[in-house]
Amino acid sequence: MTKQVIRVGSRRSPLAKAQTWEVIKLLRSRFPELRFEIVGIATEGDRTEVPKRGKDVFVKAIEEQLIEGNVDMAVHSMKDVPINIPRELTIASVPKRKDPRDALVTLSGLGLEDLPKGARIGTSSLRRKIQLLNVRPDLKVVEIRGNVETRIEKMKRLGLDAIVLAYVGLLRLGVRDIAIKVLNPEVMIPAAGQGALAIEARKDDYETIQLAKAVEDPATRVAVDAERFFLSELGGGCNVPAAVYARVEDGRLVMDAMVSHNGSGLGLVRARVEGSLQQAMELAKQLAEKVRLKHDSGRTVEA
């Protein structure tokens, strides 16, 4: 390895730094002779009061620094990485995925089924809103934005009954002073890539790519690649809210997906496929076709 110091690009939020340190610890365990430095980069998505515009708001500024050579690699939440990344870059590695599920965060400790009628729940995710309303049509969904700490503070300040966050973010930040009820995929299918991290590098930087590959988890890579291919097959520019969760069970790939043709939760469609790992991309294609057909038929289909 010709480099002695590896500069790692990251968003500046506490959660982003926690995930970047997670990757650095993995790399240090394999390459103790190297030094790693986090380079904090502000992204458009970090302007929390501004609605997100486009899929790349959390990664574009970091990718620009990577292309320019100001950092050697970048660590992203996989769910923030667009399907199509700049041609100069590659997803060099995907470490072992942490818990991909969503979580209901409350001050009361009540679960989703126990919240009072008409309870107010905060989330800016249409995917989460649709699946919440599919289970509890009486809920009032309030749009809130910001990082984990900001959303928890808004829950308290606005008097919301609950908010929904990625469980892995709460784990990585060590949040313990609030009640957390994990939402299983039977209730809420996660976003593609949720719980996984992406290590991005320049395509021509072979040393860094090999470095990153040393901490890749093959099962996570297969699952995440299948999830992203599912979204691609569904339509990259598609405005239909979608969710997909793939995992390896007993040596086979199992994939669940959800799409909806309206925002009420009543038009929700779910489907499942499973097969060999070697069929991963074909399974993702089949799953996209199944939910597309069910979505186009306008039928509500349970998992």
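When segment 167-191 is limited to residues that are part of a helix (DSSP H, G or I) and of a type outside the set (Ser, Thr, Tyr), the one that is nearest to SER108 (Cα to Cα) turns out to be LEU170.
All told, LEU133 meets the bar of being farther than 29 Å from THR20 by Cβ and surrounded by 16 or more Cβ atoms within 10 Å (Cβ to Cβ). Restricting attention to segment 164-184, the residues that are more than 22 Å from ALA196 (Cβ to Cβ) and either among the β-branched types (Val, Ile, Thr) or in contact (Cβ under 8 Å) with a residue 40 or more places away in the chain (or both) total 3. The condition of being in the same structural domain as HIS76 (by TED's automatic domain parsing) and either at pLDDT below 95 or charged (D, E, K, R) (or both) holds for only one of VAL57, VAL23, VAL39, that being VAL57. Name the residue, out of ILE83, ILE121, that is out of contact with any strand residue (DSSP E or B) (no Cβ under 9 Å at 6 or more places or on another chain) and closer than 25 Å to ARG270 by Cα. Matching residue, one of ILE83, ILE121: ILE83. If you go through segment 1-33 and pick out every residue that is assigned to a loop (DSSP other than H, G, I, E, B) and in contact with a strand residue (DSSP E or B) (Cβ under 6 Å, 6 or more places away or on another chain), you end up with 1. I'm trying to understand the selection: among the residues of segment 201-228, which are farther than 25 Å from MET255 by Cβ and part of a loop (DSSP other than H, G, I, E, B)? LYS203, ASP204, ASP205, ALA214 - these are the residues of segment 201-228 that are farther than 25 Å from MET255 by Cβ and part of a loop (DSSP other than H, G, I, E, B). Residues in segment 116-127 that are within 23 Å of GLU149 (Cβ to Cβ) and at pLDDT 95 or above were compared, and the one that is surrounded by the fewest Cβ atoms within 10 Å (Cβ to Cβ) is ARG120. The C-beta contact set for segment 211-232 (first residue free of Cβ contacts under 8 Å to residues at least 24 places away in the same chain, second residue part of a helix (DSSP H, G or I) and of a type in the set (A, V, I, L, M, F, W, C), distance under 9 angstrom, 6+ apart or interchain) comprises PRO218/LEU277. Might you let me know whether segment 191-206 holds any residue that is in contact with a helix residue (DSSP H, G or I) (Cβ under 6 Å, 6 or more places away or on another chain) and modelled with pLDDT under 95? Taking every residue of segment 191-206 in turn, none turns out to be in contact with a helix residue (DSSP H, G or I) (Cβ under 6 Å, 6 or more places away or on another chain) and modelled with pLDDT under 95. Checking each residue in segment 199-208 for being crowded, with 18+ Cβ neighbours inside 10 Å and more than 12 Å from GLU63 (Cα to Cα) picks out ASP205, THR208. For segment 46-54, state whether one or more residues are among the hydrophobic types (A, V, I, L, M, F, W, C), more than 29 Å from LYS181 (Cβ to Cβ) and not in a strand (DSSP E or B). Yes, because at least one residue in segment 46-54 is among the hydrophobic types (A, V, I, L, M, F, W, C), more than 29 Å from LYS181 (Cβ to Cβ) and not in a strand (DSSP E or B). Residue-level check: of (1) among the small types (Gly, Ala, Ser); (2) within 23 Å of LEU231 (Cβ to Cβ); (3) outside any helix (DSSP H, G or I); (4) modelled with pLDDT under 95, ALA103 misses just (4). If you check GLY159 against the conditions, is it out of contact with any Asp or Glu (no Cβ under 6 Å at 6 or more places or on another chain), on the phi > 0 side of the Ramachandran plot and at pLDDT 95 or above? For GLY159, the condition - out of contact with any Asp or Glu (no Cβ under 6 Å at 6 or more places or on another chain), on the phi > 0 side of the Ramachandran plot and at pLDDT 95 or above - is met.
This table checks each residue for (1) in a loop (DSSP other than H, G, I, E, B); (2) surrounded by fewer than 21 Cβ atoms within 10 Å (Cβ to Cβ); (3) not assigned by TED's automatic domain parsing to the domain that holds GLU22.
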site: ASN84; (1), (2), (3): yes, yes, no
site: PRO137; (1), (2), (3): yes, yes, yes
site: LYS154; (1), (2), (3): no, yes, yes
site: LEU165; (1), (2), (3): no, no, yes
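For segment 86-107, the set of residues classified as within 30 Å of LYS156 (Cβ to Cβ), of a type in the set (Ser, Thr, Tyr) and crowded, with 23+ Cβ neighbours inside 10 Å is empty. If the condition is being small (Gly, Ala, Ser), modelled with pLDDT of 95 or more and surrounded by 19 or more Cβ atoms within 10 Å (Cβ to Cβ), then segment 217-242 contributes ALA223, ALA226.
The values are calculated or read from the model by the stated rules, or taken from the named source; none is laboratory data. Predicted model only: the values in this text are computed from it and were never measured. Neighbour counts run over all protein chains shown; Cβ positions are idealised from the backbone, glycine included.
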